[in-house]
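The next block holds one structure in the form of structure tokens; read it before the comments.
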Amino acid sequence: MSAPVLEIKGLKTQFQTRQGLVKAVDGADLALGHRETLGVVGESGCGKSVTALSILRLLPQPAGRIAGGRIIFNDRDLVRVSRAEIRRIRGNEISMIFQEPMTSLNPVYTVGFQIQEVIRKHRQMNKGEARTEAARMLGLVGIPEPRARLNDYPHQMSGGMRQRVMIAMALSCHPQIMIADEPTTALDVTIQAQILDLIGRLKEEIGMSVFLITHDLGVVAEICRHVAVMYAGKVVESAEVRELFAHPAHPYTVGLFESLPKIGGRGGALRPIPGVVPGLFNLPPGCAFQERCFKAEPRCRQEPPLRAAGADHMVRCWLPGE
Amino acid sequence: MPLSYISRRLFHLLLILLGVSVLVFLMLRMIPGDPAQLLLGEYARPEELARLRTQLGLDRSYPIQYGIYLQSILRGDFGTSVRTGAPVVDEIGVRLLATIELSLAAMFIATLLGIVAGVISAVKQYSVFDYGSMFLALIGVSMPIFWLGLMLIYLLAVKFPILPMMGRISMGLEAPAVTGLVVVDTLIAGQLGACGDALRHLLLPACTLATIPMAIVARITRSSMLEVLNQDYVRTARAKGLGEAVVILRHALRNAFLPVVTVLGLNLGLLLGGAVLTETIFSWPGLGRYVVDSLMGRDYAAVQGCILIFAVLMALINLIVDLLYVLLDPRIRVHA
Ligand SMILES: Nc1ncnc2c1ncn2[C@@H]1O[C@H](COP(=O)(O)OP(=O)(O)O)[C@@H](O)[C@H]1O
Ligand SMILES: [Mg+2]
């Protein structure tokens, strides 16, 4: 991997709830290379979104809290920078798009206004310049007649169009990193492909890195360079995409692949991973996956070590290397 | 906003007013007794009664009588007050403006303080301020206006005589009527002292009338803000790097307004009822007090006129609320 622009080390993010403390992210390590796309995969509820929100300190308040770890970006620890500093970074150096394009734009303002708002916040532009720039961004994300669309309200657009607007907004200050949290999950399959293509193309054009959250391994195979697999708040395996697809080491990763239909492949029944993601309140001691794991052993009741399973390939499991 | 929508709403307004005029017309016919006698009072001379009977067409069928009635109110002829002998229209005109001045002041206080309290309560949920202001709001909605007004008078006008207890302005300070709103008229006349005096007169009744709507606005604003603050677009606004004040005031509050406007619109009847009580307590020379006095004095022409004016007011305010709603929410604009 090239020198990382963003490194997450031992991140712990917790929620204080009525039922108790939820350790949504519990010691996650991730690295995003310069101008690379990192895919973060895992079943829903494993802490992907919370990790992403932690980066920009956008956790729901007052319940959510970063309890430990570091998030290093350009020699700064985002966990500790001042509020003013994190606001200068948000939307400017690191921007974010979300899973729900239908509700992520403010219904009472035009899309033009909402894009200009972020431009005028971070770039020294007057109203006219910001408007021109907003139209240029809309054109860039493939919205026809961008000038006219500036005056549209979000409800006048389809989900796919709204996600394009979100992307235009996210890229309008030429960020170094774009975090995309399941940007296509809520969209039609054909639109999904278009949006992913768009993200890939703009990444090259702007020269940024992309932190892509998805639960779709197909998407990862298509546009990611590196991939990290999360389970119950931890990164259980990470590697280059080709390495991971060729030699998945963690039983959970293996399970993820087996639950996928194989394209043009030797048929065979899909094998879903048995059980569900355990409740974060009553995790077993040791490996969180042990109860669903087909290779579980007594020692899995102790915290598994992080080990190398190949070149640039890390796995958090007792199994490999024996 | 499309003109066709406004014209359609104005047409509805017209229908409603026609309906009200029918009810007001029937009111006088339902009360036992001779309508002419009711209108002119028990001391009317026989020749006056006879003249009014022909004028009202009392010997003719109801539809024709209604036509005559409609014609006269369209001409602005609401009849003559039994108590003063003056045309009801003139009496209502002056008092309507007094009521409007009081209501505007009350609405201003209620929305301003209610929204500020609601927003702070939502942003600082479960804080001392939140608990305190919501407790006060709970007391506020259940406060009998009559009792509150009397307590305020007792405390601030009698026990500690800081504020005047009745009327719109002190004797001798009146400015020539231009708008009919005393505070504005004194300003136009350049008499700042008199304007201050008028404001001091306005303060107690306006606060009394404002209490219930203020409590309602505070509670709705709080719950509506709490809901909006959890919306994805508020997170988007933060993700853009906007400051917290911009996020709350521009992105959240603007959306939280919609339910507030609706609830205010639904509670208008309550406000008008409150105006009647408040004006009576503070001897405020407005429509509310006028209608009570007219009822007491069996001044049926005046009562009829007041009911019509109240109906027009309610319908107009409802129209304004709806238009405001359309202005605030672009999603309604297309359907409208
Ligand atoms: N606001 C919250 N309050 C309490 N728990 C939360 C909150 N948000 C997320 N969590 C918990 O954190 C865990 C991870 O959630 P999330 O990161 O959204 O998962 P995903 O991988 O599907 O994006 C879940 O178990 C969820 O219950
Ligand atoms: Mg998620």
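Quick look at the values:
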{"item": "Value at 222 nm in deg cm²/dmol, rounded to 500, when DSSP H runs of n ≥ 4 in chain A each add -39,500 (n - 2.57)", "result": "-8500 deg cm²/dmol"}
{"item": "Accessible area in the full protein assembly, largest first, 1.4 Å probe, for A:253, B:80, A:190", "result": "A:190, B:80, A:253"}
{"item": "Number of partner chain Cβ atoms within 10 Å, mean per residue of B:238-251", "result": "6"}
{"item": "GNM result for chain A, Cα springs below 10 Å: residue of A:236, A:254, A:165 fluctuating most strongly", "result": "A:254"}
{"item": "Residues of segment A:155-182 buried by at least 40 Å² on assembly (accessible area, 1.4 Å probe, chain alone as reference)", "result": "A:155"}
{"item": "GNM result for chain B, Cα springs below 10 Å: residue of B:46, B:161, B:205 fluctuating most strongly", "result": "B:46"}
{"item": "Principal-axis tilt of helix A:127-140 within chain A, Cα atoms, nearest 10 degrees", "result": "50 degrees"}
{"item": "Spin-label pair residue B:18/residue A:174, simplified geometry with 7 Å Cα→Cβ offset, distance in nm", "result": "6.6 nm"}
{"item": "Surface share of carbon and sulfur [accessible, 1.4 angstrom probe, percent] for segment B:169-269", "result": "66 percent"}
{"item": "Chain pair A, B: total accessible area buried, heavy atoms, 1.4 Å probe, Å²", "result": "2200 Å²"}
{"item": "HN-Hα J in Hz across segment A:87-96 - Karplus 6.51, -1.76, 1.60, θ = phi - 60°, x for Gly and Pro", "result": "5, 5, 7, 4, x, 10, 9, 10, 10, 9"}
{"item": "Exposure rank, largest accessible area first [B:108, B:129; 1.4 Å]", "result": "B:108, B:129"}
{"item": "0 to 90° range, to nearest 10: angle between helix B:268-281 axis and chain B longest Cα axis", "result": "70 degrees"}
{"item": "Virtual spin-label span in nm between residue B:124 and residue A:258, 7 Å along Cα→Cβ", "result": "5.7 nm"}
{"item": "Share of carbon and sulfur in the accessible heavy-atom surface of segment A:7-67 [1.4 Å probe, %]", "result": "49 percent"}
{"item": "Over segment A:101-172, relative contact order from alpha-carbon pairs under 8 Å, at least 6 apart, %", "result": "46 percent"}
{"item": "Rounded to the nearest 10 Å², the accessible area of residue B:214 at probe 1.4 Å", "result": "50 Å²"}
{"item": "Viscosity 0.692 mPa s, temperature 37 °C, Stokes-Einstein D of the protein assembly as shown from Kirkwood C-alpha radius, µm²/s", "result": "108 µm²/s"}
{"item": "Solvent-accessible area per residue, Å², over the protein assembly as shown with all protein chains present [probe radius 1.4 Å]", "result": "47 Å²"}
{"item": "Neighbourhood net charge (13 Å Cβ-Cβ; Lys/Arg +1, Asp/Glu -1) for residue B:181", "result": "-1"}
{"item": "Taking the convex hull of Cα positions in chain B, its mean projected area over all directions (nm²)", "result": "22.2 nm²"}
{"item": "Label-point gap, in nm, between residue A:80 and residue A:194 - each point 7 angstrom along Cα→Cβ", "result": "4.7 nm"}
{"item": "Shielded by partner chains, segment A:68-103 residues - at least 50 Å² of accessible area, 1.4 Å probe, vs chain alone", "result": "A:87, A:98, A:103"}
{"item": "Of the trypsin sites (Lys or Arg not before Pro) in segment A:38-86, those whose Cβ has at most 12 other Cβ within 10 Å and which sit in DSSP loop", "result": "A:80"}
{"item": "Helical contribution to [θ] at 222 nm, DSSP H n ≥ 4, -39,500 (n - 2.57), averaged over chain B, rounded to 500", "result": "-24000 deg cm²/dmol"}
{"item": "Among B:99, A:185, B:215 the positive-end extreme of the charge dipole of the protein assembly as shown (Cβ point charges)", "result": "A:185"}
{"item": "Taking chain B and dividing mean pair separation by its residue count, relative contact order in percent (alpha carbons under 8 Å, at least six apart)", "result": "25 percent"}
{"item": "Chain A - percent relative contact order, Cα under 8 Å, separation 6 or more", "result": "21 percent"}
{"item": "Sites excluded, chymotrypsin sites (Phe, Trp or Tyr not before Pro) in DSSP loops with at most 16 other C-beta within 10 Å, longest stretch of chain A", "result": "A:1-280"}
{"item": "Segment A:101-172, accessible surface, carbon-and-sulfur percent (1.4 angstrom probe)", "result": "53 percent"}
{"item": "Sequence of B:253, B:26 from largest to smallest accessible area, 1.4 Å probe", "result": "B:26, B:253"}
{"item": "Computed accessible area, residue B:64, all protein chains, 1.4 angstrom probe, square angstrom", "result": "80 Å²"}
{"item": "Test item: Cα-centred dipole of segment A:112-197, Lys/Arg +1 and Asp/Glu -1 on Cβ, debye", "result": "440 debye"}
{"item": "Lysine pairs with alpha-carbon atoms under 14 Å apart, the protein assembly as shown, spacing 8 or more or separate chains", "result": "8"}
{"item": "Cut-off 15 Å between beta-carbons: net charge of the residues surrounding residue B:43, Lys and Arg +1, Asp and Glu -1", "result": "-2"}
{"item": "Cα long-axis angle, helix B:62-74 against chain B (0 to 90 degrees, to the nearest 10)", "result": "60 degrees"}
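The values are calculated or read from the model by the stated rules, or taken from the named source; none is laboratory data. Everything numeric here is computed off the predicted structure, so don't read it as measured data. Note: ideal-geometry Cβ built from the backbone for every residue, glycine included; neighbour counts use all protein chains shown. Areas reflect the complete protein model, heavy atoms only, side chains present, ligands, DNA and RNA absent. Shrake-Rupley method; radii C 1.70, N 1.55, O 1.52, S 1.80 Å.
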